[in-house]
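The structure under discussion appears below in the form of structure tokens.
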Amino acid sequence: MIDLHGRKALVTGGSRGIGAAIAVALAEQGADVALTFQSAGDRAQRLVERIRALGRTAVAIQADSADPAAIRRSVEEAVAALGGLDILVNNAGIARYGSLAEISADDVDALFAVNVRGPILTTQAAIPHLGAGGRIITIGSAGADRIVGASGTVYFMTKAALQAFNRGLAHELGPRDITANLVQPGSTDTDMNPADGESADYQRSLAPLGRYATAEDIAAAVAFLASPAARHMTGSIVTVDGGLLA
């Protein structure tokens with residue numbers, strides 16, 4: 001059973017796509033939710049209003065996930081607004097593509113700053129606020145285990161780093177009864193990778209189910225991992241990919 005009543009959650013990059021679906025799914029199960037956004041302020045506020053309509057507390061916090069100071073501030077603001085923190089969802093991420101021969105150093109730095117350093121620093125700031133039963137859920141990518149398209153090598157490298165990060169967190173926080181798990185989406189219908197995009201048919205052909213996930217499919221896995229039903233899962237990788245890795 002998924003019951004998150006009384007729980008306080010922070011979802012980074014929660015104003016759109018998978019992050020927005022996660023924020024709504026947690027709220028639907030009873031959690032109060034803070035979400036961060038970088039620039040889509042109007043979209044974030046509409047999402048806050050949607051969550052409040054469910055009877056939950058919600059707040060949107062502007063923060064650049066490449067900025068260490070902004071990351072620390074966003075966690076403190078979330079804790080203050082919600083009255084605590086029980087669930088952290090590291091969802092914020094960016095995609096930059098290019099072959100290894102051509103990708104720029106600036107793009108490499110940006111990918112690692114947001115996709116790797118961002119979750120590390122957000123988690124570091126959140127840990128002092130998490131008590132027994134706390135949950136840390138990080139969003140990776142099935143591409144960490146199966147690269148589809150050579151132009152995504154560095155992007156998928158950042159997602160592979162999250163596997164080691166997740167395992168280390170499980171060992172470090174297990175004695176405090178805090179779990180850490182990684183959700184790896186496959187092709188998911190979002191602005192970044194729409195189901196009607198130019199490579200969508202090819203991506204569908206790689207998965208036995210032959211379809212894209214919806215953002216809600218990913219959010220359902222996150223909501224389960226955030227719930228009491230997943231109390232004995234930690235260090236796990238939950239792949240939601242339509243069978244891509246089968």
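Since every read-out is calculated from the coordinates, none of them should be taken as a lab result. Just so we're clear, the structure is a prediction, and the values are computed from it rather than from any experiment. No Cβ is skipped: glycine too gets one built from the backbone with ideal geometry, and neighbour counts run over all protein chains shown.
For this structure, a couple of remarks:
- Counting only DSSP H runs of at least 4 residues, each contributing -39500 (n - 2.57), and dividing by the residue count of the chain, the helix-based mean residue ellipticity at 222 nm comes to -12000 deg cm²/dmol.
- Cα shape, the chain, gyration tensor, a/c 1.5 rule: rounded
- With K and R counted +1 and D and E -1, the other residues having a Cβ less than 14 Å from that of A95 yield a net charge of +1.
- Only helices reaching 24 angstrom along their own axis (Cα) with mean Kyte-Doolittle hydropathy no lower than 0.0 count here, and for the DSSP H runs of the chain these are 153-173.
- Environment charge at V114 (Cβ cut-off 13 Å; Lys +1, Arg +1, Asp -1, Glu -1): -2
- Cβ-derived FRET efficiency at R0 41 Å, A132 paired with D201, nearest 0.05: 0.30
- Cα centre as origin, Lys/Arg/Asp/Glu Cβ charges: segment 1-122 dipole, Debye: 360 debye
- Inter-label distance for A164 and I120, nm, one decimal - labels placed 7 Å from Cα along Cα-to-Cβ: 1.0 nm
- When peptides 187-196, 150-159 are sorted by average Cβ neighbour count within 10 Å, with the highest value leading, the order is 150-159, 187-196.
- Charge tally for A215 (other residues, Cβ to Cβ under 13 Å; Lys, Arg +1; Asp, Glu -1): -3.
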